[in-house]
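> Just passing along the structure, written as C-alpha cells.
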Amino acid sequence: MKTLLDFLPILLFVGAYKLTTIYIATGVLMGATVVQMAVTYAIDKRLTTMHKITLGMVLGFGALTLILQDETFIKWKPTVLYIAMALAMGIAMWPMKKNYLKLMLGSQLELPDAVWMRLNVAWMLYCFFMAAVNGYVAAYYTTDQWINFKIWGYVFPLVFMGGQGWYISRYLGSDTPATEVAESDKTV
C-alpha cells in the first residue's frame, strides 16, 4: 500500500501530461503530493523530514513552473532533490557522525553498524547517479523524452532496492550473530 502511495503522484503526473500539458500535469503532481502527504500523515501520525522536503520541493518547483510558465523547473526538481538527499546523508554521516538510514529504519531492521555505513554510502552514490542521469535527460532531451524517462527510469530504483534487499538478506533472520556476518563480509 505504501509503495503505491509513493508512486501515485508520479503516475498521475505522467498520465496528466500524456492527456494534457506539462503545466496541468505539474498542478496534478502538486495536488497529488499534498494528498499523498495527508494520507501518509493520517496513517503514520507524522511526516518524516524527507517527506517534508519532498513536499516543499514539489510545491516550490511546481509553483515556479506554473507562475513562470517554464517547464525547466519541474524537470530539474528531481536532480536538486537527489543532490540534497545525498548531501544530507553525507553531512549526517561524516561531520555529525549519524547514519540517516539507520535513524529512519533502525527500528525495523537490526543490522551491524558496518552494514548501515555501506548502505548509507550506497544510497549517497545512488542519489548522485540519479541526479546526474535526470540532469542529463532534462538538459539534452525534449520534455516528451524526459517524461518517458520518468516512466522507464523506475527500473533504476527497482534494481537498486532489489540489490539492497539481496545484500541485507544475509543479515536478517540468521542464527549467526550479525557482527560475525559483518566480519565475514571483509573476506568477500
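> Specify the residue with the greatest mean-square fluctuation among P95, P78, P157, computed from a Gaussian network of the chain linking alpha-carbon atoms under 10 Å apart.
P95
> With every protein chain kept in the model, how would you rank L103, L8, L109 by accessible area, 1.4 Å probe, largest at the top? Walk me through the numbers on the way to the answer.
Working: L103 125, L8 75, L109 40 Å².
The residues order as L103, L8, L109, largest area first.
> In a Gaussian network model over the chain where Cα atoms closer than 10 Å are linked, find which of D44, D144, D70 has the largest mean-square fluctuation.
With Cα springs under 10 Å in the chain, the top fluctuation among D44, D144, D70 is at D44.
> List the residue ranges in the chain for DSSP H helices whose C-alpha atoms run 20 angstrom or more along the long axis and whose Kyte-Doolittle average is -1.0 or above. Spell out each step's value before the answer.
Working: long enough: 2-19 (26 Å, 1.31); 22-44 (32 Å, 1.42); 49-68 (28 Å, 1.51); 72-93 (32 Å, 1.25); 113-140 (40 Å, 1.00); 155-169 (21 Å, 0.99).
The qualifying helices are 2-19, 22-44, 49-68, 72-93, 113-140, 155-169.
> Could you order I53, I43 by accessible surface area, starting with the largest, using a probe radius of 1.4 Å?
Values: I53 70, I43 90 Å².
Sorted by accessible area, descending: I43, I53.
> What do you reckon, how do M50, M117 stack up by accessible area (1.4 Å probe), largest on top?
Working: M50 40, M117 85 Å².
Of M50, M117, the descending order of accessible area is M117, M50.
> Three principal axis extents, largest first, for the C-alpha atoms of region 67-170, in Å?
47, 29, 19
> Still on this model: What's the Cα-based Rg to Rh of region 83-131, Rh via Kirkwood?
Working: Rg = 10.4 Å, Rh = 10.8 Å.
So for region 83-131, dividing Rg by the Kirkwood Rh gives 0.96.
> Please report, in whole Å, how far the alpha carbons of the chain spread along each principal axis, starting with the longest.
56, 38, 31
> For region 34-188, what relative contact order do you get, as a whole percent, if you take Cα pairs closer than 8 Å and at least 6 residues apart?
On the way: 93 pairs, mean separation 32.5, N = 155.
This gives 21 percent for region 34-188.
> Total Lys pairs in region 1-130 closer than 17 Å by alpha-carbon, pairs eight or more apart in sequence or interchain only? List each step's numbers first, then the result.
Numbers: K2/K45; K2/K52; K18/K75; K52/K77.
Step by step, the pairs that qualify in region 1-130 add up to 4.
> Rounded to the nearest 500, what is the chain's calculated 222 nm mean residue ellipticity when only DSSP H runs of at least 4 contribute -39500 (n - 2.57) each, over all residues?
On the way: 9 runs with 150 residues, N = 188.
Roughly -26500 deg cm²/dmol at 222 nm, from the helical runs in the chain.
> Rg(Cα) of region 1-99 divided by 2.2 N^0.38 Å?
It is 1.17.
> Here's a follow-up. Using a Gaussian network for the chain with springs between C-alpha atoms less than 10 Å apart, which of these wobbles most: T26, T49, T65?
T49
> Still on this structure: In Å, the Kirkwood hydrodynamic radius of region 112-178 over pairs of distinct alpha carbons? Write down the numbers at each step before the final one.
Numbers: mean 1/r = 0.0720 Å⁻¹.
About 13.9 Å, per the Kirkwood formula over Cα pairs.
The values are calculated or read from the model by the stated rules, or taken from the named source; none is laboratory data. Because the structure is predicted, anything quoted here is derived from the model rather than measured. These accessible areas exclude ligands, DNA and RNA; they are computed on the full protein's heavy atoms, side chains included. Shrake-Rupley method; radii C 1.70, N 1.55, O 1.52, S 1.80 Å.
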